[in-house]
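Participant: One structure coming up, written as structure tokens, with questions to follow.
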Amino acid sequence: MPGVARSRWANVAGFAVFLTIGLFVGGNARNENPQLTAVILDVLDSQSEAWNRGELEGFMAGYWESPDLIFTSGGRVNRGWETTLEKYRETYGGGQASMGKLAFEEVEVYPLGTKAAWVLGRWQLEREGESSGGVFTLVFRKISGRWTIVHDHTSVEE
């Protein structure tokens, strides 16, 4: 029964991979690396500061300037740094008055080795007398010595 043995081995190997990933990414990894957490919080702080000054390009500096950047929101997938910048411009304009005040809260950093991490958090935007917010999941990679967002999935609370 070579097929059965191979099948059992595949299941054991699959479980081992799942368990390893689960332990690596699991709840105990949250903010476990204070240095990495500080670096990522610096990126997010720089983004919110640029946003609050009305500097959209400064905000975008936290993202990977590549056609391979992925940004998902509202059930749509956008690819590319330029595409993401244009979507932000269409939605928020450019300048302090139209962009409002942005804050990131409850940020949790989960290392994925030495060159990647995923981040969970909440965002809050006060704009034109209205408030909106939601949650985000970001994937950061260390590219050319710099931590940068390569994938952003943002949702809006109803």
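Participant: Is it the case, given these coordinates, that G94 is in contact with a Leu (Cβ under 8 Å, 6 or more places away or on another chain) and over 20 Å from S155 (Cα atoms)? Break it down stepwise before answering.
Facilitator: Working: in contact with a Leu (Cβ under 8 Å, 6 or more places away or on another chain): yes; over 20 Å from S155 (Cα atoms): yes.
Here the answer is yes, as G94 does meet what is asked.
Participant: May I ask you to say which residue of T114, T137 is in the same structural domain as F71 (by TED's automatic domain parsing), farther than 23 Å from G75 by Cβ and among the polar types (S, T, N, Q)? Lay out the reasoning, then the answer.
Facilitator: Numbers: T137 fails: farther than 23 Å from G75 by Cβ.
Result of the check over T114, T137: T114.
Participant: Do the conditions hold for W123, that is, is it under 18 Å from Y63 (Cβ atoms) and either in a loop (DSSP other than H, G, I, E, B) or in contact (Cβ under 8 Å) with a residue 60 or more places away in the chain (or both)?
Facilitator: Details: under 18 Å from Y63 (Cβ atoms): yes; either in a loop (DSSP other than H, G, I, E, B) or in contact (Cβ under 8 Å) with a residue 60 or more places away in the chain (or both): no.
The answer is no for W123.
Participant: Something else about it: Scanning the range 32-54 for residues that are loosely packed, with under 14 Cβ neighbours inside 10 Å and not in a helix (DSSP H, G or I), which turns out modelled with the highest pLDDT?
Facilitator: The qualifying residue modelled with the highest pLDDT is R53.
Participant: Residue by residue through the range 84-112, note down the ones that are free of Cβ contacts under 8 Å to residues at least 12 places away in the same chain and not acidic (D, E). Walk me through how you get there before you give the answer.
Facilitator: Residues of the range 84-112 free of Cβ contacts under 8 Å to residues at least 12 places away in the same chain: 86, 90-91, 93.
Result: T91, G93.
Participant: Going through T84, T72 one at a time, which residue ends up being at pLDDT 95 or above, touching a Ser or Thr at 6+ places or on another chain (Cβ under 8 Å) and closer than 24 Å to E108 by Cα?
Facilitator: T72
Participant: Then there is this: Select, from S131, S98, the only residue that is surrounded by fewer than 18 Cβ atoms within 10 Å (Cβ to Cβ), part of a strand (DSSP E or B) and of a type in the set (G, A, S). It would help to see each step written out before you state the result.
Facilitator: Numbers: S98 fails: part of a strand (DSSP E or B).
Matching residue, one of S131, S98: S131.
Participant: Out of (1) loosely packed, with under 14 Cβ neighbours inside 10 Å; (2) closer than 20 Å to N52 by Cβ; (3) among the hydroxyl-bearing types (S, T, Y), the odd one out for T154 is which?
Facilitator: (1)
Participant: Any chance you could count how many residues in the range 126-150 are in contact (Cβ under 8 Å) with a residue 12 or more places away in the chain, out of contact with any helix residue (DSSP H, G or I) (no Cβ under 8 Å at 6 or more places or on another chain) and either farther than 30 Å from A97 by Cβ or polar (S, T, N, Q) (or both)? Let's see the steps before the verdict.
Facilitator: From the range 126-150, those in contact (Cβ under 8 Å) with a residue 12 or more places away in the chain are 126-128, 132-143, 147-150; that's our starting set.
Okay, now just the ones that are also out of contact with any helix residue (DSSP H, G or I) (no Cβ under 8 Å at 6 or more places or on another chain), so 126, 132-139, 141-143, 150.
If we keep only those that are either farther than 30 Å from A97 by Cβ or polar (S, T, N, Q) (or both) as well, we get 132, 137, 139, 141-143, 150.
Final tally of qualifying residues: 7.
The values are calculated or read from the model by the stated rules, or taken from the named source; none is laboratory data. Keep in mind it's a predicted model, so treat the numbers as computed, not measured. Please note: Cβ atoms are built from the backbone with ideal geometry, for glycine as well, and neighbour counts cover all protein chains shown.
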